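> This is the structure I have questions about; it appears just below.
The values are calculated or read from the model by the stated rules, or taken from the named source; none is laboratory data. These figures come from a predicted structure and were not determined experimentally. Positions of Cβ are backbone-derived with ideal geometry, glycine not excepted, and every protein chain shown enters the neighbour counts. Calculation scope for accessible area: heavy atoms of the full protein, side chains included, ligands and nucleic acids excluded. Shrake-Rupley method; radii C 1.70, N 1.55, O 1.52, S 1.80 Å.
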Amino acid sequence: MRLGIFDSGIGGFTVLKKVIELCPNNSYIYLADTARLPYGVKTANEIRKIAEEISSWFGSQNIDAFLVACNTTNAIALDVLEENLDVPVFDLIGSAASTIQESRVGVLATPTTVKTKAYTNAILDFNPKTFVIEQPCPEFVPMIEMDNINSDEITDVAIRYLRPLLKQKIHSLILGCSHYPLITPLLTDILPSRVKLIDPAEALTLKLKLFIDSKASNHSNKKNLVDLKFYVTSNLKNFPNKAKHWLNVFPEVNLVSLQKKGWVS
Ligand code: DGL
């Protein structure tokens, strides 16, 4: 199966890693819109326009399913993606919300995602009695992209973001931006052990696995043959090193322009 997956940058690696582990015998086309990173402080209009461009580009890639590895686009423009793509779309927010068991839940996400209250609304749809508190984290994505993840600076930022959630005695914490699982060690150091970390990629991956398994044609005897293709919209040179660091692959990466027709790569 050919699966499209996208994020603004390296955040989607955390989703890609999980889906590859559970659904290895497939082709993955990963698009990172690095030219417009970070998405998390953009307006809803900007994100919806980007979602149109992303879905047009993937429309030309002959994919069988699409994975939204960006919560910000998921929160603002899932409808745009679903309308423009004629393949099943797997999302993080809806997938994760349906699995939440705890009665007091914290969410870390980008400012744009938090503004929509998409996580709160999706969780309450499944269980109206859940208490949900969302915390915008504008500084995380730029720091993670710069690999500034082991500093006192990011530790101080994380403590500041987590303080209001811990005051509310949360039982679980949703990593509502796909970049945040990359700082799991930092977050677990700060959080009391009673707080369960939830990576929405896990729920998405389980849904995708069910879908793939339901397609008889995909059943294959091949073991762990993953085909990965990477595309970025800028910073072509840095990307293979980032993929090597986080995914342990050193892929060929192609530059693509999403604004242009006839996508040059
Ligand atoms: N990783 C994306 C998300 O899950 C986008 C982060 C950003 O570019 O600000 O929201």
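> Could we say that Gly9 is modelled with pLDDT of 95 or more and within 16 Å of the ligand (Cβ to nearest atom) here?
Values: modelled with pLDDT of 95 or more: yes; within 16 Å of the ligand (Cβ to nearest atom): yes.
It is true that Gly9 is modelled with pLDDT of 95 or more and within 16 Å of the ligand (Cβ to nearest atom).
> Show the residue pairs meeting these rules: Cβ distance below 7 Å; 6+ apart or different chains; first residue within region 198-226 and surrounded by fewer than 19 Cβ atoms within 10 Å (Cβ to Cβ) and part of a helix (DSSP H, G or I); second residue modelled with pLDDT of 95 or more and among the hydroxyl-bearing types (Ser, Thr, Tyr).
Lys207/Ser95
> If I ask for residues that are more than 16 Å from the ligand (Cβ to nearest atom) and open to solvent by 10 Å² or more (accessible area, probe 1.4 Å), which ones from region 46-66 would you list?
Result: Glu52, Ser56, Gly59, Ser60, Gln61, Asn62, Ile63, Asp64.
> Let me ask something else about it. Would a scan of region 122-134 turn up a residue that is open to solvent by 30 Å² or more (accessible area, probe 1.4 Å), under 22 Å from Thr73 (Cβ atoms) and in contact (Cβ under 8 Å) with a residue 24 or more places away in the chain? Walk me through how you get there before you give the answer.
Residues of region 122-134 that are open to solvent by 30 Å² or more (accessible area, probe 1.4 Å), as a first pass: 124-129, 131, 133.
This time we only want the ones that are under 22 Å from Thr73 (Cβ atoms), so: 124-126.
Those still in the list that are in contact (Cβ under 8 Å) with a residue 24 or more places away in the chain too: 125-126.
Scanning region 122-134 turns up at least one residue that is open to solvent by 30 Å² or more (accessible area, probe 1.4 Å), under 22 Å from Thr73 (Cβ atoms) and in contact (Cβ under 8 Å) with a residue 24 or more places away in the chain.
> Is it fair to say Ala75 is within 14 Å of the ligand (Cβ to nearest atom), farther than 16 Å from Lys209 by Cα, open to solvent by 10 Å² or more (accessible area, probe 1.4 Å) and within 13 Å of the chain's Cα centre (by Cα)?
Taking the combined requirement at face value, the residue satisfies it.
> Look at Ile100 and say whether it is surrounded by 18 or more Cβ atoms within 10 Å (Cβ to Cβ), touching a residue at least 40 places away in the same chain (Cβ under 8 Å) and farther than 18 Å from Asp33 by Cβ. Give the steps one after another, and end with the answer.
Working: surrounded by 18 or more Cβ atoms within 10 Å (Cβ to Cβ): yes; touching a residue at least 40 places away in the same chain (Cβ under 8 Å): yes; farther than 18 Å from Asp33 by Cβ: yes.
It is true that Ile100 is surrounded by 18 or more Cβ atoms within 10 Å (Cβ to Cβ), touching a residue at least 40 places away in the same chain (Cβ under 8 Å) and farther than 18 Å from Asp33 by Cβ.
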